[in-house]
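No lab work stands behind these numbers, since they all come straight from the coordinates. Everything numeric in this text was worked out from a predicted model, so none of it was measured. Glycine also receives a Cβ, built like all others from the backbone with ideal geometry; neighbour counts cover every protein chain displayed.
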Amino acid sequence: MAGAIVKYGIIGVGMMGREHLVNLYHLRTQGVAVVAIADPHLPSQQLALDLAHSFTWPLKVFSGHQELLDSGLCDVLVVSTPNMTHHRILMDIINHSKPHHVLVEKPLCTTISHCKEVVNAARKRPDILVQVGLEYRYMPPVAKLIEIVKGGNLGHVKMVAIREHRFPFLVKVNNWNRFNINSGGTLVEKCCHFFDLMRLFVGANPVRVMASGAIDVNHKDEVYDGKVPDIIDNAYVIVEFDNGSRGMLDLCMFAEGSKNEQEISVVGDIGKGEAFVPESVVQFGTREAGRDGVQTLKAEDHRIKWVASLLNISSIN
């Protein structure tokens, strides 16, 4: 209804949940408001309340998602809880009598069977929208490269190469992201972004995967409840698609000495395009024009007015 406020609830108010709170505050003039949060972790609750207080937003606080759902306060929910909790929370949201649109942080779930269960349940609820937060699609340099590829400027895509060289995983509540059983593993937790982009660029589905990874540097001296973290910190992955295209991921999480965290290359039969993050530069050219014909541009999206800085939000999730 015109003029009505869309009421949001955030389930999980660690680092990412509080970033959503900040971003939604900046959208307040568009008719949105966060009215409730749910999180069993008291320090995270307090940090979210402090943020909301600075916005003069009153929040109803719940210790669990079911209580928030049953309150009937919200129209839309953002799920930014640890990965291993997504399945149960999403199923409860989808099966609830009151319809709630939902944005869930990636990954959808940590297992294939749980992903299928959520997708099948969501298809039975045409009254709600379930979206996975794969924000790399919308970063200006990546969005520009997608536009170039989809515009046919490179021809038929044959190869996609993505290099992510970055810092280790941040510290999270109870160190849940240090273990595969909780996160789904590094290639699920972090790299689902890149497999999503590969599929988007080539316009096809994967049929074969080859990979090699290891725990070589990070977290080897950490122990939690007597257990040493088992998440890999580097890998090479090759994905073959049903249209003959191939994708490759080069991941290293002990490579802070890099100008760009992500370098994305897409090569078609008539041209090549590249995106660099966070430098926010895109380059593209054709085989016919050669090296001298390569265009370089700074990728910007003036619709993006605010960027929540992780430097201004606690790294405890």
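Across the chain, the relative contact order, built from alpha-carbon pairs under 8 Å that are at least six residues apart, equals 18 percent.
Using just its DSSP H runs of length 4 or more, each adding -39500 (n - 2.57), the chain gives a mean residue ellipticity at 222 nm of -7500 deg cm²/dmol after division by all residues.
What the phi angles of the stretch 221-238 give under the Karplus curve with 6.51, -1.76 and 1.60, with θ = phi - 60°, is a coupling list of 9, 9, 9, 10, 6, x, 10, 8, x, 10, 7, 6, 10, 7, 6, 10, 9, 10 Hz, glycine and proline written as x.
The H on the amide N of Phe62, modeled in the peptide plane, is under 5 Å from the matching H of Ile37, Ala38, Asp39, each at least 5 residues off or on a different chain.
In order along the stretch 98-105, the phi-based Karplus estimate (6.51 cos²θ - 1.76 cosθ + 1.60, θ = phi - 60°) of 3J(HN,Hα) comes to 8, x, 10, 5, 9, 10, 10, 4 Hz; Gly and Pro are listed as x. When the Gaussian network model of the chain links Cα atoms closer than 10 Å, the mean-square fluctuations of Leu51, Leu197, Leu187 top out at Leu51.
Sorting the segments 34-46, 224-236 by their residues' average number of neighbouring beta-carbon atoms within 10 angstrom, most packed first, yields 34-46, 224-236. With a cut-off of 10 Å between beta carbons, the residues surrounding Asn177 carry a summed charge of +2, where Lys and Arg count +1 and Asp and Glu -1. Summary: within the chain, the longest segment free of GluC sites (Glu not before Pro) located in DSSP loops with at most 12 other C-beta atoms within 10 Å is 1-221. Considering Cα pairs under 8 angstrom that are at least six residues apart, work out the relative contact order of the stretch 6-133 and quote it in whole percent. Once divided by the residue count of the stretch 6-133, the mean separation gives 25 percent.
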